[in-house]
1. Using the structure shown, select from Lys209/Lys279; Lys18/Lys279; Lys332/Lys378; Lys110/Lys130; Lys528/Lys548; Lys120/Lys156 the pairs with a Cα to Cα distance greater than 19 angstrom.
2. Through the Karplus equation 6.51 cos²θ - 1.76 cosθ + 1.60, θ set to phi - 60°, convert the phi angles of the stretch 6-21 into ³J(HN,Hα) values in whole Hz; use x for Gly and Pro.
3. Taking H placed 1.01 Å from N in the peptide plane, check which residues at least 5 places from Tyr173 or on another chain put their amide H under 5 Å from its amide H.
4. Rounded to the nearest percent, how much of the accessible area of the stretch 19-233 (1.4 Å probe, protein heavy atoms only) is carbon and sulfur?
5. Return a whole-number percent for the relative contact order of the stretch 158-300, with Cα pairs under 8 Å and 6 or more residues apart as the contact set.
6. Could you order peptides 523-531, 268-276, 977-985 by the average number of other Cβ atoms within 10 Å of their residues, highest first?
7. So for each of 180-189, 898-907 I average, over its residues, the number of other beta carbons within 10 Å; can you give me the resulting order with the highest mean first?
8. Hey, what's the stretch 610-729 come to in accessible area per residue, 1.4 Å probe, Å²?
Amino acid sequence: MVHTAYDSLQLVTNLPNKIDCISSYGPNLLISSSDGSLQIYAPQSSTSSSDHHLQKEPYVLDRSVNGFSKRPILAMEVLESRELLLSLSDSISFHKLPNFETLAVITKAKGANVYAWDDKRGFLCFARQKRLFIFRHDGGRGFVEVKEFGVPDTVKSMSWCGENICLGIRREYTILNATNGALSEVFPSGRIAPPLVVSLPTGELLLGKDNIGVLVDQNGKLLQEGRICWSEAPSIVVIQKPYATALLPRHIEIRSLRVPYPLIQTVVLRDVRRIHQGKNAVIVALNNSVYGLFPVPLGAQIIQLTASGNFEEALALCKLLPPEDSSLRASKEQSIHIRYAHYLFENGSYEEAMEHFVASQVEITYVLSLYPSIIIPKSSVAAEPDKFPDVTGEAYLSRASSGMSDDMDSSHLLEYDESSALESKKMSHNTLMALVKFLQKKRSTIIGKAAAEGTEEVISDAVGHTFVSYESSRPKRSSKGRVHIPLDSGARETAAVLDTALLQALLLTGQSTAALDLLKSLNYCDVKICEEILLNGNHYFCVLELYKCNSLHREALKLLHQLVEESNSNEPKIDLTQKFKPEMIIEYLKPLCGIDPMIVLEFSMLVLESCPQQTIELFLSGNIPADLVNSYLKQNAPNMQATYLELMLSMNEHGISGNLQNEMVQIYLSEVLDWYADLTAQKKWDEKAYTPTRKKLLSALEGISGYTPEVLLKRLPKDALYEERAILLGKMSQHELALSIYVHKLHVPDLALSYCDRVYESGLHQQPAKTPGNIYLTLLQIYLNPQKTTKDFEKRINKIVSSPSGATPKAGWTSLKGKGRGLGKKIADIEGAEDTRISASGTDSGKSDGDGDVDEDEEGISKIMLDEVLDVLSQRWDRVHGAQALKLLPKETKLQNLIPFLGPLLRKTSEAHRNFSIIKRLRESENLQAKDELYSQRKADVKITADSMCSLCNKKIGTSVFAVYPNGNTLVHFVCFRDSQSMKATGKGSAYRRR
C-alpha cells in the first residue's frame, strides 16, 4: 500500500437477511434484501439528515418497504436528476423518490439480465437473451420504445458510449450503432473472467480482459495511455476520480487513473458481494453489513505522498484541489517540485531535477547554490532559505565565493583558478549540462523583463522624468551591451546572475561556441567576473565579444592587437589555439566608423602598414571624412600619408577633394626636391633620371587636376625638373612655354607632339573654337622661330609665377578650355589660301617667320627646325589648318617635301567638295518634292450647295463670297472670316497694351 486514499468505516451491521443490491440516495442507504424488501438506512444523528452526502457514522434503519420486489434485485440505480429509482429484477421498474411510488414497469424487459442508462438523453438500453431494446423516457410517467436489435449471443455487460453502445458478448466486445444496429468488433475478452464494460467520466471505456483493464475511445480504438493491471480479474469496477476501485475475489484494490496506473491502496474485507459508487464514497456491501470507503482529504494525501517520496502522485493530486484553494495549490506544488528536484538531484537525475526546479518557479540563485564552483555577482535578489517554508527538510548548500560584485578585489578572482577550479572538477559533466538547460529555459523570460526595464528607462530619460547631468550620471547600457547595472534594476540583476552563471557552465562543459553565441546576442554577463574567467581559460574570442557587447572597444582593440602580435611572434608568451590576423582588427573597427571615428583612426594605424588596402577600404566604407583621415595620418603616421592618398585616388578618383590632391602632389614634390638636392650636392644630377617617386609625381601632375599649379611652380628649381615645369605650365594654359620646354630644354619633339594631341583631343569635348588646329600651329611657330620663343624665356616664367592667382597672362592662342569641335569643318580650298589670315590669337602677323622678324645673317636658316615641322604636317595633316600652315612655312620650302601633307589634305578636301555637292542636289530635289506636295494639297475641291452653312454665323452661304479653312471641311462667309480675324488682332493688341 503506497498511501491511504480511503478510510474504511462500517456503516451498517448485523442485517437479518443477505444483501442482494445496494445504492444511495442523498445521505441514506438503499439496501435490497433476499426476501424482496427494500430497507432505507439513515445516519444515526438527526443533524446529518439535511446533508446530501453519506456520513462517517453508524446508520440505523429508517424504514422498510416490504414486498418491493417479488424476486431478488439484480441491479439498482438512483437517477437523481429525475428523482427515480431504477431496479432490475424479473423486469425493469421505476419508482418515484422519495416515496417509492411505482412509476412504470417495462414488461418487455421481463427476463432481462443487464441494462445501461443514459442519463443525459433519458435512454434505457437492456438485453434479454439475444435481443437488445432501447427505450426513451418521455419525461412523464411512461417510456417509449425506440429500437430493437438482434445480437449474436447473450449480453454479459454493456454501457453507453456516446450514441453507440459497447456490448460484452460471450468472449468478445463489440460496438453497436444505436441508429442502424451495425456491429463492429473491438477485441476478444479474457478467458477467465466474463466481459466487463465500465464507462469513464471522460467518455472513454474501460474493458476488462481478465486482470487487465484496456482503455478505448467511444469508437473502440485503443488509447495510447496504457493499461490498468489488477492483481486479479475484477468482477466490478467503479470510478471515483482520481481513482478506480475494483472488487477482486480476495480484496478491494484501488489504483490511480494516472499513467502508469499504480496501486494506491488495498482494502481487505471478507465476503464482499457488491461495491457501489456513491456521491462522496464507495459503498461496499457484504453479506450482512455495509462499509463505506471515504476518501481521505487531498491535502492529507499530498502530505502522505510527499513524505513517502511519491512526488509524481502528489503533484497529480495537487491539480485536483478546488479552484478556491489556488494559493494553497500553488504553494504545495512549489514545495513538492522543490523537494522532488532535490531528491532527483541527489540521486543523479539532474535534468529531471532541473525540470522540477523550473516548474517550481524558484529563484535561479536557489538552484545555483547547488553549484559552489559557479561564481555569480552579488545580488539583492538572492533567495533566502526561509522563503520556502515547506522545504524544511532540505538544507541549503553554502556557496564558496558567490559574493562577488563589481567592486570586488582581484584576490577573489585569483582564487577561482585554485579552489573554485578544484570544486568544478568535482562537478560531473551531466550536472553542468542540466544546469545549462535549466538556465536556458529560464533565460527568455528573464531577459525579456530586463530588456523591458531598459526600454522603460530609456523612454523615461527621453521625456525628462529622470534627467541626470552627464557628470553625475552612471554609464548606461547600450543597445547591445551593458557597462553597469543600476542597483534598482531587479530584472537586470537577475539577468546578470543568470548570464554570468550560464557562461561559466557552458565553458565548463566545453561549449565554447555556445558561449561565444551567448556573448554575441543580448546578454547581461558581469564584465569583471567573466573577463577573469575567460582570460584564465584562454577564451580570447569570448573576451573580445564580452568587451564588444559592453562597449569596451578600447580594451577589446588593445587585446586584439596584442593577440595579433603574439600570433606573428616566433616565441609567443601566451598559448593561442588559433592565429589572429590584422584583418580581425579591421573587421572589428567597421561597425565603429559611424560611432567613434577617432578610435577607428587610432587603432587603424596599427594595421595600415600591413594591410593598407583593407584599411583604406575601411575608411571609405565607414564614410570617415578623408580630410580627417589625412590630418590624423599627417600627425601620427606621415610616412603612410602618401600611401593613403594614392589608394584613395585609385579606389575613388572622384571622391578625393582638391585639397587632398594638392596635398598628395606636395608630398611627391617634397620627396623629389629632396632627391634633387642630394644629387646636386654630389654633382650627379641628370634631368633624364627617374625615381619611382618622380614617376608618381609626373603621373599625378598629368592625371589629376585638383592641385594649384602656380604654388607648385614656385617650388621648382630654375635649372632642373623641366618636365614637371612643362606639365604645370600646360595646366595654366601656357602652351607656348610648355612646348618651348619640350622642344628647346628637353629636346624631345615626341613629347611636344603628344602634348599637342592631348590639348587638341580635350578641346573636342569642350566648347567649339574658331581654330581647332591652333595648338599645332603654335608648335610649328616654335620650330620655325626658335629665337623668338626662347627669348626672355625665364623672365616670362618668373612673370607668371609672380603674378597673383587669377591674373595669369594668357598666351597668344586659344586656351585649352576654348577648344571647340571644329573637326567637322573642312579645310578651305588651297587656291584661296592667299586670302586667309591667321587670327590675332594665332601668330604675330600674317607674314612668314622666314620673311621678317629675324635677320638671316644673324640667325640663318639653319636654326629653323624644318624637318620637325614637316613631320608634324605629315603626321597631323587632318588636324592642322592647311592655309594657315602654308602661310607659316618659309618661302624656301620645297613643294616636294609637302607632298605627305598636301596629298591627303587635297584628297580629303576634294572628297568633301563632292559630298557636299551631292548633298546640295539631294536637298534641292527634296525641296521640289515638298513644293509639289504643297501644290497638290492646295488643289482640293469644295462643293457649295443650297444647304451649306457658315460655321461662324450659322447662316446659309448662298451666293456670298466664302472662305475655306485648311481642313477643307469648314466653310465660312468671307466677311465673317475677316471680322473674326480683326477681333483676334484687336484682342492681342489690348493684351499687349495691358502688359
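1. Lys209/Lys279; Lys18/Lys279; Lys332/Lys378; Lys120/Lys156
2. Using θ = phi - 60°, the values come out as 10, 9, 8, 9, 7, 9, 10, 9, 6, 6, x, 10, 6, 8, 8, 8 Hz.
3. HN-HN under 5 Å from Tyr173: Val186, Phe187, Ser189.
4. 47 percent
5. Reported relative contact order: 12 percent.
6. On the way: 523-531: 24.1, 268-276: 16.2, 977-985: 12.2.
The peptides rank, most packed first, as 523-531, 268-276, 977-985.
7. 898-907, 180-189
8. 48 Å²
The values are calculated or read from the model by the stated rules, or taken from the named source; none is laboratory data. Quick caveat: nothing in here was measured; it's all calculated off a predicted structure. Here the Cβ is made from the backbone with ideal geometry for all residues, glycine too, and neighbour counts use every protein chain on show. The protein model used for the area step is the full one, side chains on, heavy atoms only, and it has no ligands, DNA or RNA in it. Shrake-Rupley method; radii C 1.70, N 1.55, O 1.52, S 1.80 Å.
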